[in-house]
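Trainee: Below is the structure I would like to discuss, written out as structure tokens.
The values are calculated or read from the model by the stated rules, or taken from the named source; none is laboratory data. Note that the structure is a prediction, hence the values are computed from the model and not measured. Here the Cβ is made from the backbone with ideal geometry for all residues, glycine too, and neighbour counts use every protein chain on show. These accessible areas exclude ligands, DNA and RNA; they are computed on the full protein's heavy atoms, side chains included. Shrake-Rupley method; radii C 1.70, N 1.55, O 1.52, S 1.80 Å.
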Amino acid sequence: MKRKLKIYTPFVNAGIQEVATYRVNWIFFMLGNAIACLVSYFIWAAVYSSGTKESMNGFTMPQMIVYIVLMFLTNTIIASDGAYVVGEEIREGSIIMRLIKPVSYNATFLFQELGNKLSTEIAIAVPMIITVEVIRTVLSGVLQFNAFNLLLYILSCALAYLVNFYFNICFGFIAFVIKYLWGANMMKNVVIGFLSGTVIPLSFLPDALEKVFLFLPFASLNYTPVMIYMEKYSGAQLWYYIGLQAFWMLFFFGLSKLLWKASVKRLSVQGG
Amino acid sequence: MIHVENLRKEFKKTVKDPGLKGSLKSLFKPKSEKVVAVDNISFKVAEGEILGFIGPNGAGKSTVIKMLTGILTPTSGSCTINGKNPTQNRKSYVKEIGVVFGQRTQLWWDLPLRETYGVLKEIYEVPEDSYKKRMAFLNEVLELDDFISSPVRTLSLGQRMRADIAASLLHSPKVLFLDEPTIGLDVVVKDNIRKAIEHINEQEKTTVILTTHDLADIEQLSKRMVMIDKGTKVFDGSIAGLKSKYGQIRELYFETDVKNAAEVLGYAEHFSLSSDDLSVEPEGNSVKVRFNSSIVPVSDMLSYTLNKINVSDINVKGADIEEIIRRLYEQGVD
Ligand SMILES: Nc1ncnc2c1ncn2[C@@H]1O[C@H](COP(=O)(O)OP(=O)(O)OP(=O)(O)O)[C@@H](O)[C@H]1O
Ligand SMILES: [Mg+2]
């Protein structure tokens, strides 16, 4: 295990170096997210002010604000652009650099992206969590911070990231076979935005639909960590959802291995 | 060591008519076309041998190397290297080989070279003491010292190539694949790289397969070469063998005062030679004649020329390897 980590640390380093190069990209990504976050806020503010009930589907307006901010944070933490990177490497042939080394293709990606994240996300996660706590305290009048809960949230985010990572890798391989990556990627983001509760909390959906969506892998992305942070899950229910995340992670991990085997055979490295 | 049998690779190319209309059409009804890049190639390489691979642009050299290194899966046929099949069990296979693609680097673009080697040491599990020895050795033969602390992206082409070759040798591979390792290098660097390859081959019995467009690489490094053209093998043997098989072309050169010497001599009619076997290039008051000496012996050519006109200077050269290859590339091999 230790040796394994040693093998992959260079990829972490490479990831950290990349961030320096593509900082502007990242800033735009964050800006886009922040705007989406503001839009959500105004929509929900309008919904709540026109409604008569103080709480809708278990969410009060202050809780909705916390939900929106947490969604924003979680989205950033678990973001993965594997689908795009896989496609690019295959297209321009630099995939051979990974192929001729005795390392696992997926793992090199994973560690590279982790390096990427280490250098950006810690910088935003800490202030954001403090912000969330301040909002919660001000809005409810009592300090709600719970260290154990934060740990659970971090665990759940880690699982969510891995689900997202392997899902994206799978998507990248499939897109490689069917070739229309760009359009498919756009569609994917919209669909996931809806299915993962980023647009509307899943509890706002009709019961039957909510049940289905909660089981789908997309809820394991942002929704589960946010619900955990907001202490909407407890006891057995909590562990069920974390277990479900672990299940989807393993599922996509296995699927990515299979798809890799299948697509490496069809690879036609260009250039040279 | 290396067994290649009936290796074949087909690519599917999607063809698209030009323009927007073509794009739309191909979106709904993609047409694809089969390209045979490598067509039933077989050869063997013994342990410790250096094999040179030559052929015109697009012949399929790089495609063969990609199959041998496990990057591409053959459409049919097989290759076995050191008893292993490259596409099965990739990770354990690539540990035993070193690969350099001249046109692209395998080093980390942003890392200083020294760190890159540190990384490779971990990846290939090279023990500390042999790593130290190895680095000292590579430093000596490839002279990496001048740029070892610079990031890879700042290296010049020749420096990068030396760095890449060193990287491919760090783990003492049993087989080394080099796809155009001397592309774009100056004469001194080329020479250094050839010496390094030679040295490693002698010292460690490393089997080497290299492709190149520079025949001097082959002349200096390998006793044997394989020539491919349009995906098929057209020659397999030594350079001397190629010379004796295709090297009947001689070059006659003379100076004369006679105007229109070429017309006066009329070699083609006199010896009934086709344009494949004869070319005449008058230039000022000198004439260059290339002819096939297996049809017209050199002595006949000389005596005919000397009897017909007055010449002031005359000599006959055997064809050099460049000339032979040029003819083979232009006309194909029968
Ligand atoms: N990924 C690919 N898709 C379609 N055709 C390809 C692909 N790769 C190579 N080819 C075709 O296969 C043939 C052989 O290409 P290859 O790169 O092996 O040539 P080469 O001998 O290395 O040439 P060069 O000396 O120019 O490097 C060429 O006709 C090329 O167009
Ligand atoms: Mg090539």
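Trainee: Give me the pairs: first residue in the range B:264-287 and modelled with pLDDT under 85, second residue exposed (fewer than 11 other Cβ atoms within 10 Å of the Cβ), beta-carbon distance under 7 Å, and six or more apart or on different chains, which are they?
Mentor: B:Asp276/B:Gln331
Trainee: Which residue, of B:Glu128, B:Glu96, B:Glu143, is assigned by TED's automatic domain parsing to the domain that holds B:Ile197, more than 16 Å from ligand 2 (Cβ to nearest atom), free of Cβ contacts under 8 Å to residues at least 12 places away in the same chain and open to solvent by 30 Å² or more (accessible area, probe 1.4 Å)? Can you show your working first?
Mentor: Values: B:Glu96 fails: free of Cβ contacts under 8 Å to residues at least 12 places away in the same chain; B:Glu143 fails: free of Cβ contacts under 8 Å to residues at least 12 places away in the same chain.
Of B:Glu128, B:Glu96, B:Glu143, the one residue that is assigned by TED's automatic domain parsing to the domain that holds B:Ile197, more than 16 Å from ligand 2 (Cβ to nearest atom), free of Cβ contacts under 8 Å to residues at least 12 places away in the same chain and open to solvent by 30 Å² or more (accessible area, probe 1.4 Å) is B:Glu128.
Trainee: What are the residues in the range B:146-188 that are polar (S, T, N, Q) and either away from ligand 2 (no atom under 16 Å from the Cβ) or touching a strand residue (DSSP E or B) at 6+ places or on another chain (Cβ under 8 Å) (or both), if any?
Mentor: Of all residues in the range B:146-188, those polar (S, T, N, Q) come to B:149-150, B:154, B:156, B:159, B:168, B:172, B:182.
Residues satisfying the conditions are B:Ser149, B:Ser150, B:Thr154, B:Ser156, B:Gln159, B:Ser168, B:Ser172.
Trainee: Right, here's the next one. Which count do you get for residues in the range B:46-60 that are within 13 Å of ligand 1 (Cβ to nearest atom) and assigned to a loop (DSSP other than H, G, I, E, B)?
Mentor: 6
Trainee: Kindly indicate whether any position in the range B:21-44 is open to solvent by 10 Å² or more (accessible area, probe 1.4 Å), more than 14 Å from chain A (Cβ to nearest Cβ), within 16 Å of ligand 2 (Cβ to nearest atom) and not in a strand (DSSP E or B).
Mentor: There is no residue in the range B:21-44 that is open to solvent by 10 Å² or more (accessible area, probe 1.4 Å), more than 14 Å from chain A (Cβ to nearest Cβ), within 16 Å of ligand 2 (Cβ to nearest atom) and not in a strand (DSSP E or B).
Trainee: Also, quick follow-up: Filtering the range B:196-210 down to residues that are in a helix (DSSP H, G or I) and touching a residue at least 12 places away in the same chain (Cβ under 8 Å), which residue is nearest to ligand 2 (Cβ to nearest atom)?
Mentor: Initial filter on the range B:196-210 (in a helix (DSSP H, G or I)): B:196-204.
When the remaining residues are screened for being touching a residue at least 12 places away in the same chain (Cβ under 8 Å), the result is B:196-201, B:204.
Values: B:Ala196: 21, B:Ile197: 18, B:Glu198: 22, B:His199: 25, B:Ile200: 22, B:Asn201: 22, B:Glu204: 26 Å.
By that ranking, first place goes to B:Ile197.
Trainee: In the range B:99-115, how many are within 12 Å of ligand 2 (Cβ to nearest atom) and touching a residue at least 12 places away in the same chain (Cβ under 8 Å)? Don't jump to the end; show me each part of the working.
Mentor: From the range B:99-115, those within 12 Å of ligand 2 (Cβ to nearest atom) are B:101-104; that's our starting set.
Next, only the ones that are touching a residue at least 12 places away in the same chain (Cβ under 8 Å) stay: B:101-103.
Final tally of qualifying residues: 3.
Trainee: Here is a follow-up. Has the range A:105-121 got any residue that is within 22 Å of B:Phe177 (Cα to Cα), within 14 Å of chain B (Cβ to nearest Cβ) and open to solvent by 10 Å² or more (accessible area, probe 1.4 Å)? Can you show your working first?
Mentor: Here is the first cut: in the range A:105-121, the residues within 22 Å of B:Phe177 (Cα to Cα) are A:105.
Keeping just the survivors that are within 14 Å of chain B (Cβ to nearest Cβ) gives A:105.
Restricting the remaining residues to those that are open to solvent by 10 Å² or more (accessible area, probe 1.4 Å) gives none.
No, the range A:105-121 contains no residue that is within 22 Å of B:Phe177 (Cα to Cα), within 14 Å of chain B (Cβ to nearest Cβ) and open to solvent by 10 Å² or more (accessible area, probe 1.4 Å).
Trainee: Only one residue in B:Gln248, B:Gln220 is among the polar types (S, T, N, Q), closer than 28 Å to B:Val100 by Cβ, more than 16 Å from ligand 2 (Cβ to nearest atom) and more than 14 Å from chain A (Cβ to nearest Cβ), so which one is that? Steps first, please.
Mentor: Values: B:Gln248 fails: closer than 28 Å to B:Val100 by Cβ.
Of B:Gln248, B:Gln220, the one residue that is among the polar types (S, T, N, Q), closer than 28 Å to B:Val100 by Cβ, more than 16 Å from ligand 2 (Cβ to nearest atom) and more than 14 Å from chain A (Cβ to nearest Cβ) is B:Gln220.
Trainee: Additional query: Can you find even one residue in the range A:213-228 that is under 17 Å from A:Ala79 (Cα atoms), modelled with pLDDT under 90 and assigned to a loop (DSSP other than H, G, I, E, B)?
Mentor: First, the residues of the range A:213-228 that are under 17 Å from A:Ala79 (Cα atoms): A:217-226.
Then drop every residue that is not modelled with pLDDT under 90, which leaves none.
Checked the range A:213-228: no residue is under 17 Å from A:Ala79 (Cα atoms), modelled with pLDDT under 90 and assigned to a loop (DSSP other than H, G, I, E, B).
Trainee: Do any residues in the range B:211-232 that are within 14 Å of ligand 1 (Cβ to nearest atom) have Cβ atoms under 7 Å from those of residues that are among the basic types (Lys, Arg), where the two are at least six apart or on different chains, and which pairs are they?
Mentor: Going by the 7 Å Cβ cut-off, the qualifying pairs are B:Thr211/B:Lys61; B:Asp217/B:Arg194; B:Val226/B:Lys233; B:Ile228/B:Lys61.
Trainee: Test B:Thr63 against the stated conditions and say whether it is within 14 Å of ligand 1 (Cβ to nearest atom), more than 8 Å from chain A (Cβ to nearest Cβ) and over 23 Å from the mean Cα position of the chain (by Cα).
Mentor: Here the answer is no, as B:Thr63 does not meet what is asked.
Trainee: Now, a different point. In the range A:222-242, what residues are open to solvent by 40 Å² or more (accessible area, probe 1.4 Å) and either within 14 Å of another protein chain (Cβ to nearest Cβ) or not aromatic (Phe, Trp, Tyr) (or both)? Spell out how you get there, then give the answer.
Mentor: Initially, the range A:222-242 is screened for residues open to solvent by 40 Å² or more (accessible area, probe 1.4 Å), giving A:231-232, A:234-237, A:239-240.
The answer is A:Glu231, A:Lys232, A:Ser234, A:Gly235, A:Ala236, A:Gln237.
Trainee: Go through (1) within 16 Å of ligand 2 (Cβ to nearest atom); (2) surrounded by fewer than 23 Cβ atoms within 10 Å (Cβ to Cβ); (3) of a type in the set (D, E, K, R) and name the single condition B:Arg90 misses.
Mentor: Unmet condition: (1).
Trainee: Please identify the pairs in which a residue from the range A:113-132 that is over 16 Å from A:Ile154 (Cβ atoms) has its Cβ atom under 6 Å from the Cβ atom of a residue that is among the hydrophobic types (A, V, I, L, M, F, W, C) and open to solvent by less than 30 Å² (accessible area, probe 1.4 Å), counting only partners at least 6 apart or on another chain.
Mentor: Qualifying pairs under 6 Å: A:Gly115/A:Val12; A:Asn116/A:Val19; A:Ser119/A:Val19; A:Thr120/A:Val19.
Trainee: Can B:Thr256 be described as touching a residue at least 40 places away in the same chain (Cβ under 8 Å), more than 17 Å from the chain's Cα centre (by Cα) and either more than 16 Å from ligand 1 (Cβ to nearest atom) or open to solvent by 20 Å² or more (accessible area, probe 1.4 Å) (or both)?
Mentor: Values: touching a residue at least 40 places away in the same chain (Cβ under 8 Å): yes; more than 17 Å from the chain's Cα centre (by Cα): yes; either more than 16 Å from ligand 1 (Cβ to nearest atom) or open to solvent by 20 Å² or more (accessible area, probe 1.4 Å) (or both): yes.
Yes: the conditions hold for B:Thr256.
Trainee: Oh, and also: If B:Asn82 satisfies all but one of (1) touching a residue at least 12 places away in the same chain (Cβ under 8 Å); (2) within 16 Å of ligand 2 (Cβ to nearest atom); (3) surrounded by fewer than 21 Cβ atoms within 10 Å (Cβ to Cβ), what's the number of the condition it fails?
Mentor: (2)
Trainee: Does B:Ile193 satisfy the criteria of being touching a Pro at 6+ places or on another chain (Cβ under 7 Å), surrounded by 18 or more Cβ atoms within 10 Å (Cβ to Cβ), away from chain A (no Cβ under 14 Å) and assigned to a helix (DSSP H, G or I)? Step through it out loud before you land on a result.
Mentor: Numbers: touching a Pro at 6+ places or on another chain (Cβ under 7 Å): yes; surrounded by 18 or more Cβ atoms within 10 Å (Cβ to Cβ): yes; away from chain A (no Cβ under 14 Å): yes; assigned to a helix (DSSP H, G or I): yes.
Yes, satisfied.
Trainee: Right, something else. Quick one: what pairs do we get from the range B:53-70, first residue open to solvent by 10 Å² or more (accessible area, probe 1.4 Å), second of a type in the set (Asp, Glu) and more than 9 Å from ligand 2 (Cβ to nearest atom), C-beta under 7 Å, 6+ apart or different chains?
Mentor: Final answer for the pair search is B:Pro56/B:Asp229.
Trainee: Okay, next question. Let me spell it out: the conditions are (1) more than 18 Å from A:Asn106 (Cα to Cα); (2) within 18 Å of the chain's Cα centre (by Cα), and A:Gly58 meets all of them except one. Which number is the exception?
Mentor: (2)
Trainee: A further question on this structure: Restricting to the range B:119-134, name every residue that is more than 8 Å from chain A (Cβ to nearest Cβ) and over 20 Å from B:Pro181 (Cβ atoms).
Mentor: B:Lys121, B:Val126, B:Pro127, B:Glu128, B:Asp129, B:Ser130, B:Tyr131, B:Lys132, B:Lys133
Trainee: Within the range A:78-104, how many residues turn out to be at pLDDT 85 or above and more than 14 Å from chain B (Cβ to nearest Cβ)?
Mentor: Matching residues across the range A:78-104 total 3.
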